[in-house]
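A.B. asks: Take this structure, written in structure tokens, and hold onto it; I'll ask about it next.
The values are calculated or read from the model by the stated rules, or taken from the named source; none is laboratory data. Everything quoted here is computed from the prediction, not taken from an experiment. Methodologically, a virtual Cβ is constructed for each residue, glycine included, from the backbone with ideal geometry; neighbour enumeration extends over all protein chains shown. Surface accessibility is based on the protein's heavy atoms, side chains included, excluding ligands, DNA and RNA. Shrake-Rupley method; radii C 1.70, N 1.55, O 1.52, S 1.80 Å.
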Amino acid sequence: AMENIIDRDYDYVMSMDEDGWLVGGGYKTFDYSGKMPYIDSSHTELLRVGSLDPSMGGTSIQQVYQAMSYLYVPPLSIFPEYVKGGGGGSGDNDGGVPSSDVTLIVSIVETFGNDDSYSEYEKFLDDLFDAMEAVGGGPCMDDHDTDPHVSMARGVKFKSGYHQQQYFYSANLEVAVWQAMYPNGVVIGSSSTAIFPINAKGSKSTIGYGNLYFFFDRANITQSFEPSRSLSSSEEYYSTLYASGGADEYYASITSVNFNYQGSHDSGDNADYEHNPYSWNAAMAKHDMTDGWDLPPNCYQEGETFFGIPLSRKSASVLQSTSTFQEQFDFEALLDRNFTYIKKFGTNHGWLVGEVLDNGAGSIVDKDTAHIPLFYLGTTNVEMGGMALSDMIKIGKKIDFGKLYLKPAFIFVDDDGAVKLQFEMDPNSAMGYLYDNLCKMIGISWNYENPSNDLGVYTSCAMHHAGDRASYGCGPSGTNAGGFCPQMTLAYRVGFQSEELAAEFLAAGNNYIDYWRSLYPSGVAVGASNFCSDGGCLGLFLNRFDLYYVFKPDLGGSWVEYNGGTMAPTTSPAPTWRGGCDNVHNHHLDKCVRKKYARSKQAVFWESLGAIGQFSLLLMTFMASTLAISVLVARTKKRKRRNESYVDFFMRNMGGASGGKKKKKLVKETSLETPSSPAQEKEEVGESSIASGKEVNEKIDAFENDEEKKVPKKFKRKKVRSKQKNIRKDTRRAIDKPSHLILGRSNYTGRPITKETRMRLNMPERVRYNGKKYSVQQSIDSIPGEGTLAIENFLKVEGDEAVKSTSNVVKKKMKKSKYKNLE
């Protein structure tokens, strides 16, 4: 796992070039360091083909494919040797921390057949050169095989010589485990699937083990060549050992490095240096992006985030493209794509204003990334001394700057070999005002100058200090001691064919710039019809590739220009740690970050509504809620009884039909059960005397509701208007009625139950006794007989008094009562 030999957490490394680590899974899009979002491009060269333009002495891709079709390709085994430093670097050191490349040295294991004096690898190399010569390979191709190695990082600066020693020991301890695991080397490969070229149409096929690949550039594989024979059982065992989980015992047993990795003289033996953050100065903002930064005090991680002016245009590349951010300048007129003047590029990157497909140099096919950096913010990792991305956006929204006008000055080659376009630097312009305020608000504390802003957010990783001003910048109006220098880089480390041709290139470019100067004598606020149409906007860049946020001048608004994220030119088929995204070592990968921080559909929908849509949705929800409550209150007011509170109604309404049945049963049991003892009767009478009218009403309602449910709807009697219109209804509460009119009281004297009511309730007929008079029984020990009512057994009829009593009852009923049916 290459991830084990890199320092992604910046424990030892201080900074690197803009590409960062070239191995170990690549970089996720929103990495704190802001490195270029390239894929894992780990590989080792066997033969450098060179230029792909036959007219310039190169070899075409078709010739390479044809030559490979003639070859016998053995499955080659790779043996890891050691990790070393050295090489690389640039003129950016100036007595500061030295920089170098980090490289993994490997070797090709030579295997011999029976009675063979040449190994399979030696035969393959001889056949390869013969085949390339047979198809007309150009002289730009190397005439010997490349020393096998894996480029891991370039322009690396360590925190100190001690940190450098610790890093190389840690990396080589991992290599020692690999050596123990693969004593005779291992055939590299994977069981996953892929298709080449990556963006080609068709079905994917298994990658397999022992393949060779043709790299158009470091980030793009265009063709794969399978081995001519199958792997032996021993080769297959070692090729699948790591994936099958057999590496754990080796990691447990190997605890020291048992080989010499001092040969590069960069292992830290004689390195006696330490980064002094207080040697930092504002001129370091004019930085060589092919080298690491010297970080200011209290900053522990580099970062490529910056405020700048976007100048890129839509590219014709089929691999990468961008939106058109300005229509005023066409930088294509300044380039030398035909290699008339230039000879080579010192990096894998060609022209930064957009590289074309099938370019002769084989440079990475990048999109147009033209821009002018104004203020480097550094890392977005707050824990390492930086500023959160959200706070950077808040700062950008706070600054009230005017339209940013640009006027090209001249084209030149700087001390690091980069070709740059200089723009006029006016300390009194809107751009100068913007730079001054950025320094005042978020510049680092330096020389007793401290930043200040209303948000209270600061960074220790900006490459500009709080006391820096536009008047200290580069140009005839400045002192060249500050970081304000509006320049655009066209290419890194350009090598010209001769000094005369270099002068001709610059003269031709400056002639065209003179045309722009005459066209825009007072400068121009750049923009496009679909981007900042009024011109003069400021952009927040995550790195050279990714413009993330745009701010209009005069506080005219801002917006996200990211469009879901700029993707790397290709996707990496390289294997990572076992366990997928559940393994902590894979958490930094783009796939795992998207999976972990996947936004819910609800959040995406909510944010898509915008401020007006969100307010409208909340308003509609509030209106619907109030309408529902109003309807409920109106329905309750209509259905509740007179003098009944809303709480009583809801409690009664929640009881439902089941509560009614239960209450009806209680009423029946109370009226039909065996009479209790006098003491119990007295107790019950006392309890009922203090019962509230609400409980009585609820029992009556439950009884009536249950009786209505028993009658089928088709036999329901039509409501007939009462003929007793002149009789008033008793609407008093039970608690307001006299005791003799309340059902269940001991002195209740309501009229007897009629015959029709008995039939309706399926009750037995009333038993009459002949006697003189009614009297209440003194003893209630006897149980009433079947088919009689308990109240009837309490009464005796004696002699003729029965007739007299009956007549009295009849006369009493003839009187008009004030209350209906409650005589």
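A.B. asks: Step through the table entries Lys157/Lys343; Lys28/Lys344; Lys84/Lys286; Lys35/Lys420, compare each Cα-Cα distance with 26 Å, and write down the pairs that go over it.
C.D. replies: Working: Lys157/Lys343 29 Å; Lys28/Lys344 30 Å; Lys84/Lys286 29 Å; Lys35/Lys420 21 Å.
The answer is Lys157/Lys343; Lys28/Lys344; Lys84/Lys286.
A.B. asks: Taking amide H positions as placed in the peptide plane 1.01 Å from N, state which residues far from Gly208 in sequence (5 or more) or on other chains have amide H under 5 Å from it.
C.D. replies: Answer set, sorted by chain and number: Ser190, Ser192.
A.B. asks: Heavy atoms only, 1.4 Å probe, whole protein assembly: order Arg218, Arg639, Arg229 by accessible area, highest first.
C.D. replies: In descending accessible area the options line up as Arg639, Arg229, Arg218.
A.B. asks: Still on this model: What shape does region 1-154 have by the C-alpha gyration tensor, where a ≥ b ≥ c are the square roots of the eigenvalues, rounded means a/c under 1.5, and otherwise prolate means a/b greater than b/c and oblate the rest?
C.D. replies: Numbers: a/c = 2.27, a/b = 1.68, b/c = 1.35.
Prolate, because a/c is 1.5 or more and a/b exceeds b/c.
A.B. asks: About the Cα centre, and with charges only on the beta carbon of Lys, Arg (+1) and Asp, Glu (-1), how big is the dipole of region 1-53? Nearest 20 debye, please.
C.D. replies: About 100 debye.
A.B. asks: Between Arg639 and Met623, what is the spin-label point distance in nm, taking each point 7 Å from the Cα along the Cα→C-beta axis?
C.D. replies: Placing both labels 7 Å beyond Cα along the Cβ direction yields 2.7 nm.
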